[in-house]
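Asks: Here's a structure for you.
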């Protein structure tokens, strides 16, 4: 098949008519059809936020990667803008993989990984550039690939060299690229004065995990922040809840790569951030992880995956913390409040919950949401261990490949009590849950796929001594 932007957009306009929306979220960025993964090119340009993504327009499986595109005025309401890049050149015929974008002198520069495969099956990943003067129509550079495999350090793998991140550096620009080196995952720095011609500068990180992916890099509250999606990270208790954690590292230049997980849940990967006009650093991630499955794919619903809600980032106590975007509060409606040692209540399929618990002598706290006959998404807290747990094992369809059971359908994170209290914010949107601690230190994101109505909750403790205070808002996300 000859891939083009026009062909992809024409296909999407028809394919989208076949989508079944049973599990589609209402206030998360979601494709009209097909498959999405990593957020790409997250930037602010011409008065709008632009968010691109890895996108297969032709099925709900990963394949033939294009760039899909949304825009938003406020990070809340997202408008699908179609396909922006297609794998239509010899150097990217196997896919336009992930990358970032930067604005310079009124032009939007999108950097991506072009992938080609030779007849013998050898794969080459190289960094490419496309420009736009309006944010919607892109022209690929005549110099592509602008960072070819010949610029990789000795011993690096040509098939694992991807996901460029470009930022201003001194009087010019710097590009960070993920690479697989002789000892594992590397982040490489390249420098340029014109965004077209690049030279290798140095290694930023060397030998972390088996491979690094999807870097982000920015300054925040006086620190440099490196964000990495790590493949095959060695286990270390609850620090890294799975083998592909997303981690933050502060001031790598002086402290080295001291990793702290960004999201401890079942589904989170490849986040990107943007600096808002009012100076906030806001992050969005892919609300999914490699290795599991999302039932709308094998149920024949013709769409797959979504992005997280936007999260405001800050540095507090030398730690990267995150809070739900404050503008989400404008979507609240129909406030209800409950208090007691235990209770049950109805909720909508799109809602926000604020929970505060005075623990007293309780050893186990339970918040079960999206309940219906025999089903629930379970959020539980072990007081003695000081561990928060999210569990989708009885929340509906199993999330293993093709509907098989998962080996580990739960995740845990260390979350100390503050003055004897547990405080959480929970966002539910049809088929996803995002849980945040009140102090911003813990986030846990997960997909789930209920079979029942999924419209009730309950709270309780093991001995009835805890006191729960809960506020529920419906989230109304229609403009």
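The values are calculated or read from the model by the stated rules, or taken from the named source; none is laboratory data. All of these numbers come straight from a predicted model, not from anything done at the bench. Here the Cβ is made from the backbone with ideal geometry for all residues, glycine too, and neighbour counts use every protein chain on show.
Asks: If only one of 310, 277 is modelled with pLDDT of 95 or more, touching a strand residue (DSSP E or B) at 6+ places or on another chain (Cβ under 8 Å), on the phi < 0 side of the Ramachandran plot and exposed (fewer than 15 other Cβ atoms within 10 Å of the Cβ), which one is it?
Replies: On the way: 310 fails: exposed (fewer than 15 other Cβ atoms within 10 Å of the Cβ).
Of 310, 277, the one residue that is modelled with pLDDT of 95 or more, touching a strand residue (DSSP E or B) at 6+ places or on another chain (Cβ under 8 Å), on the phi < 0 side of the Ramachandran plot and exposed (fewer than 15 other Cβ atoms within 10 Å of the Cβ) is 277.
Here's the yes/no breakdown for (1) free of Cβ contacts under 8 Å to residues at least 12 places away in the same chain; (2) surrounded by 15 or more Cβ atoms within 10 Å (Cβ to Cβ); (3) in contact with a helix residue (DSSP H, G or I) (Cβ under 9 Å, 6 or more places away or on another chain):
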{"residue": "273", "(1), (2), (3)": "no, yes, no"}
{"residue": "281", "(1), (2), (3)": "no, yes, no"}
{"residue": "293", "(1), (2), (3)": "no, yes, yes"}
{"residue": "318", "(1), (2), (3)": "no, no, no"}
{"residue": "333", "(1), (2), (3)": "no, no, no"}
{"residue": "347", "(1), (2), (3)": "no, yes, no"}
{"residue": "360", "(1), (2), (3)": "no, no, no"}
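Asks: Something else now. Residues in the range 235-271 that are touching a residue at least 12 places away in the same chain (Cβ under 8 Å), over 22 Å from residue 400 (Cα atoms) and not in a strand (DSSP E or B): how many?
Replies: 7
Asks: Here is a follow-up. Looking at the range 145-154, can you tell me whether even one residue there is assigned to a strand (DSSP E or B), outside the structural domain of residue 410 (by TED's automatic domain parsing) and surrounded by 23 or more Cβ atoms within 10 Å (Cβ to Cβ)?
Replies: Yes, the range 145-154 contains at least one residue that is assigned to a strand (DSSP E or B), outside the structural domain of residue 410 (by TED's automatic domain parsing) and surrounded by 23 or more Cβ atoms within 10 Å (Cβ to Cβ).
Asks: I need the full set of residues from the range 275-289 which are in a strand (DSSP E or B) and more than 13 Å from the chain's Cα centre (by Cα), in order please. Let's see the steps before the verdict.
Replies: Here is the first cut: in the range 275-289, the ones in a strand (DSSP E or B) are 275, 281-286.
Within the range 275-289, 275, 281 meet the criteria.
Asks: Moving to a separate point now. Does residue 160 satisfy being under 30 Å from residue 232 (Cβ atoms) and at pLDDT below 95?
Replies: Values: under 30 Å from residue 232 (Cβ atoms): yes; at pLDDT below 95: no.
No, not satisfied.
Asks: Sticking with this structure for a sec: Criterion first (modelled with pLDDT under 95, in a loop (DSSP other than H, G, I, E, B) and surrounded by fewer than 24 Cβ atoms within 10 Å (Cβ to Cβ)) does residue 142 satisfy it?
Replies: Working: modelled with pLDDT under 95: no; in a loop (DSSP other than H, G, I, E, B): yes; surrounded by fewer than 24 Cβ atoms within 10 Å (Cβ to Cβ): yes.
In short, no.
Asks: Go through 207, 181, 135 for me and flag whichever is in the same structural domain as residue 289 (by TED's automatic domain parsing), on the phi > 0 side of the Ramachandran plot and free of Cβ contacts under 8 Å to residues at least 40 places away in the same chain.
Replies: Numbers: 181 fails: on the phi > 0 side of the Ramachandran plot; 135 fails: free of Cβ contacts under 8 Å to residues at least 40 places away in the same chain.
The conditions single out 207.
Asks: Go through (1) surrounded by fewer than 23 Cβ atoms within 10 Å (Cβ to Cβ); (2) at pLDDT 95 or above; (3) more than 21 Å from residue 21 (Cβ to Cβ) for residue 301 and report which single condition fails.
Replies: (3)
Asks: Restricting to the range 1-34, give me the number of residues that are over 24 Å from the mean Cα position of the chain (by Cα), in a loop (DSSP other than H, G, I, E, B) and surrounded by fewer than 14 Cβ atoms within 10 Å (Cβ to Cβ).
Replies: 2
Asks: I'd like the full set of residues that are assigned to a loop (DSSP other than H, G, I, E, B) and within 23 Å of the chain's Cα centre (by Cα), limited to the range 369-395.
Replies: Narrowing the range 369-395 to residues assigned to a loop (DSSP other than H, G, I, E, B): 373-374, 383-386, 392-395.
Those that are assigned to a loop (DSSP other than H, G, I, E, B) and within 23 Å of the chain's Cα centre (by Cα): 392, 393, 395.
Asks: Next question. Out of the residues in the range 445-454 that are within 26 Å of the chain's Cα centre (by Cα) and over 15 Å from residue 424 (Cβ atoms), state the one that is surrounded by the fewest Cβ atoms within 10 Å (Cβ to Cβ). Outline the logic, then answer.
Replies: Step one: list which residues in the range 445-454 are within 26 Å of the chain's Cα centre (by Cα), which gives 445-451, 454.
From the residues that got through so far, the ones that are over 15 Å from residue 424 (Cβ atoms) too are 447-451, 454.
Details: 447: 25, 448: 30, 449: 22, 450: 22, 451: 13, 454: 24.
So, considering only residues that are within 26 Å of the chain's Cα centre (by Cα) and over 15 Å from residue 424 (Cβ atoms), the one surrounded by the fewest Cβ atoms within 10 Å (Cβ to Cβ) is 451.
Asks: Could you please tell me which pairs satisfy a Cβ distance under 6 Å, a separation of 6+ or placement on different chains, a first residue in the range 408-437 that is free of Cβ contacts under 8 Å to residues at least 40 places away in the same chain, and a second residue that is assigned to a strand (DSSP E or B)?
Replies: 415/388; 415/437
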